[in-house]
Each structure stands twice: as structure tokens, then as C-alpha cells.
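Enquirer: Quick one: this structure, given as C-alpha cells, is what I'll be asking you about.
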Amino acid sequence: MSSLLKVDNEIKTKVDAFRERITGEAEDLVANFFPKKLLELDQFLKDPNLNIKELKEIHSEINLTVPDPIVLTDIHDGLEGPNAKKRKIEDGTGEDKVGGTKVLVMPGGMMKSNGKLVELIERVKPEIRTLIEKCNTVGAPPPPPPPPPPHLPLSQVKMWVQLLIPRIEDGNNFGVSIQEETVAELRTVEGEAASYLDQISRYYITRAKLVSKIAKYPHVEDYRRTVTEIDEKEYISLKIIVSELRNQYVTLHDMILKNIEKIKRPRSSNTDALY
């Protein structure tokens, strides 16, 4: 290959050192970090905060009082007779507009989120990020002078497997197909983990819209009940997310260990021609 493409020796040395570092870190992740992490998440699933039997314990009080009813009087005193029944908007849509309460300030200041769920989310999000970072590619090292970059498990593992894929040849590609299946599984896990973060964002946005509705229409009980339902749903979803994170570590660890020979040596010959 050197005769077809001239590569600077200094750059080649640095690239080789990079590949050796990736290999060492990725193998350590599969052998030690993955099993350690799955045990941590399994213990997390036994945490009392994730095993609340009565979901009402995670409910959050909405401190928005219902205003006293306003008695409306007929300003026309019945003089318009049948015309009073035709109180429609002038734009021709033919629909009545029901105005809510004007909200200038919240009575108790800022309307707080559900504190119990926020605390739980802040514990789950780092676990999701860790899984994502350990699935893709190795992130750029932090600016100097900090120590070596932290573990990025799936990122490094995927890069490691990709670097082990040999050059394209006819035949003897069974091991290569196993490598490609491993990379595909890592990408799938990465995508699923990213969707968990999106789910958390949607929860906050949906809840905020409902609380805004409660502030504008404090007399409508269904809005208040819907907030409670969404909080309960998010609590259940968080427990499912932690369970899925644990299962993904288990699956990846098992898959790579079972196929480690084909992943590291995909072909019985020409194994030195890796790129």
C-alpha cells in the first residue's frame, strides 16, 4: 500500500498510536465497564424511588386556586330579543369564543415542576448519555491540560470494531459479516438511547402546556387530572428506560464476548491486512 499512497511517517505513527489506544480502551470497556455498568443499573432498578407502589406519592400539587364565579348580566335587558341568540363573532366563522382567565403573574411565583420526577430524571439522563457516547465514535479529547479523555463506551467500541474490519475481498467474509452485525447493533442501541432523551424533553413540553392551560382555565378539572396522568406515565417510562439501558449493556456484552474471536480475527488468513 505504501507504493500506491505515500503517508508521512510521523502521521502514520500517531495514527497507529491512536488505534492502539482505541483498541486498549474498547477491550477494557467490553471486559470490565459493561458488566460493571449493568450491575449498577440492576441495583438502580431496586432503588425505592423506582419502586413506588402508590403512584399518588409522585403527584405534585398545583397551587392555582379556582377564582370565584363571575355573574354576568344581560346588558341588552332583553331588548334585542331573537338577535341576542346570534352573538357570533364578526369574522364570519359562526363560532362563539370562550375566553379564559388572563394570566399576568402566577399567584405563588414560578410554577414548579414535579420535584420528585425532576430528581429522578437527573439521575437517569447521565446514564443515557453514557450509553450514547459509548456507541458512536470517540469524541475529541478535551482541551489541554486536562487528563486523558473519559470513557466513551459505545463510541469507542463501535470505532474499535470498525477499525478491525479488513479490506474488501471476495470470499471468506463470514467474520466480516459478524463485525458488521455488531456495528449495526451498536448503532441501534445508540439511536434508542437518543430517543429516551427526546422522550424526556417531550414530557417537559407537554406538561408545561397543560399547566399553562390550568392557569388560564383553572375551573376545568380535566386539565389538572391530565397533568397527574402525565406525571404517572413519565414515572413508569423512567423505570422502563433504566431497565432498557441495563438490558442493552447485557446484550452488547454478551454479543461481543460470544463473537470476540471473529470480531478480532474475521478471516483465517491475511489478518495483517487490516485497515
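Enquirer: Which residue pairs have Cβ atoms under 7 Å apart, sit 6 or more places apart or on different chains, and have a first residue in the range 148-172 that is at positive phi and a second that is at pLDDT below 75?
Expert: 172/268
Enquirer: Could you figure out which of (1) loosely packed, with under 14 Cβ neighbours inside 10 Å; (2) farther than 17 Å from residue 164 by Cα isn't true of residue 18?
Expert: (2)
Enquirer: Determine, yes or no, whether residue 41 is out of contact with any Phe, Trp or Tyr (no Cβ under 6 Å at 6 or more places or on another chain), assigned to a helix (DSSP H, G or I), modelled with pLDDT of 95 or more and under 28 Å from residue 129 (Cβ atoms). Lay out the reasoning, then the answer.
Expert: Numbers: out of contact with any Phe, Trp or Tyr (no Cβ under 6 Å at 6 or more places or on another chain): yes; assigned to a helix (DSSP H, G or I): yes; modelled with pLDDT of 95 or more: yes; under 28 Å from residue 129 (Cβ atoms): yes.
In short, yes.
Enquirer: Need pairs with beta-carbon distance below 7 Å; first residue under 22 Å from residue 264 (Cα atoms) and within the range 2-21, second in a helix (DSSP H, G or I) and open to solvent by less than 100 Å² (accessible area, probe 1.4 Å); sequence gap 6+ or separate chains.
Expert: 19/163
Enquirer: Which count do you get for residues in the range 204-220 that are open to solvent by less than 60 Å² (accessible area, probe 1.4 Å), in contact (Cβ under 8 Å) with a residue 60 or more places away in the chain and either assigned to a helix (DSSP H, G or I) or not aromatic (Phe, Trp, Tyr) (or both)?
Expert: Residues in the range 204-220 being open to solvent by less than 60 Å² (accessible area, probe 1.4 Å), in contact (Cβ under 8 Å) with a residue 60 or more places away in the chain and either assigned to a helix (DSSP H, G or I) or not aromatic (Phe, Trp, Tyr) (or both): 5 in total.
Enquirer: Using the structure shown, decide if residue 12 is in a helix (DSSP H, G or I), on the phi < 0 side of the Ramachandran plot, modelled with pLDDT of 90 or more and surrounded by 11 or more Cβ atoms within 10 Å (Cβ to Cβ). Walk me through how you get there before you give the answer.
Expert: Details: in a helix (DSSP H, G or I): yes; on the phi < 0 side of the Ramachandran plot: yes; modelled with pLDDT of 90 or more: no; surrounded by 11 or more Cβ atoms within 10 Å (Cβ to Cβ): yes.
The answer is no for residue 12.
Enquirer: Which residues, taken from the range 221-232, are open to solvent by 10 Å² or more (accessible area, probe 1.4 Å), closer than 20 Å to residue 204 by Cβ and either more than 19 Å from the chain's Cα centre (by Cα) or free of Cβ contacts under 8 Å to residues at least 24 places away in the same chain (or both)? Break it down into steps so the answer makes sense when it comes.
Expert: Step one: of the range 221-232, the residues open to solvent by 10 Å² or more (accessible area, probe 1.4 Å) are 221-226, 228-230, 232.
With the extra rule that they be closer than 20 Å to residue 204 by Cβ, the set shrinks to 223-226, 228-230, 232.
Result: 223, 224, 225, 226, 228, 229.
Enquirer: Report every pair of residues separated by at least 6 positions or lying on different chains whose Cβ atoms are under 7 Å apart, first residue within the range 241-260 and closer than 15 Å to residue 195 by Cα, second of a type in the set (Ser, Thr, Tyr).
Expert: 241/196
Enquirer: What are the residues in the range 233-254 that are over 17 Å from residue 40 (Cβ atoms) and open to solvent by less than 50 Å² (accessible area, probe 1.4 Å), if any?
Expert: 234, 235, 237 - these are the residues of the range 233-254 that are over 17 Å from residue 40 (Cβ atoms) and open to solvent by less than 50 Å² (accessible area, probe 1.4 Å).
The values are calculated or read from the model by the stated rules, or taken from the named source; none is laboratory data. None of the values given here were measured: they were computed from a predicted structure. Note: ideal-geometry Cβ built from the backbone for every residue, glycine included; neighbour counts use all protein chains shown. Only protein heavy atoms, including side chains, enter the accessible area calculation; ligands, DNA and RNA are left aside. Shrake-Rupley method; radii C 1.70, N 1.55, O 1.52, S 1.80 Å.
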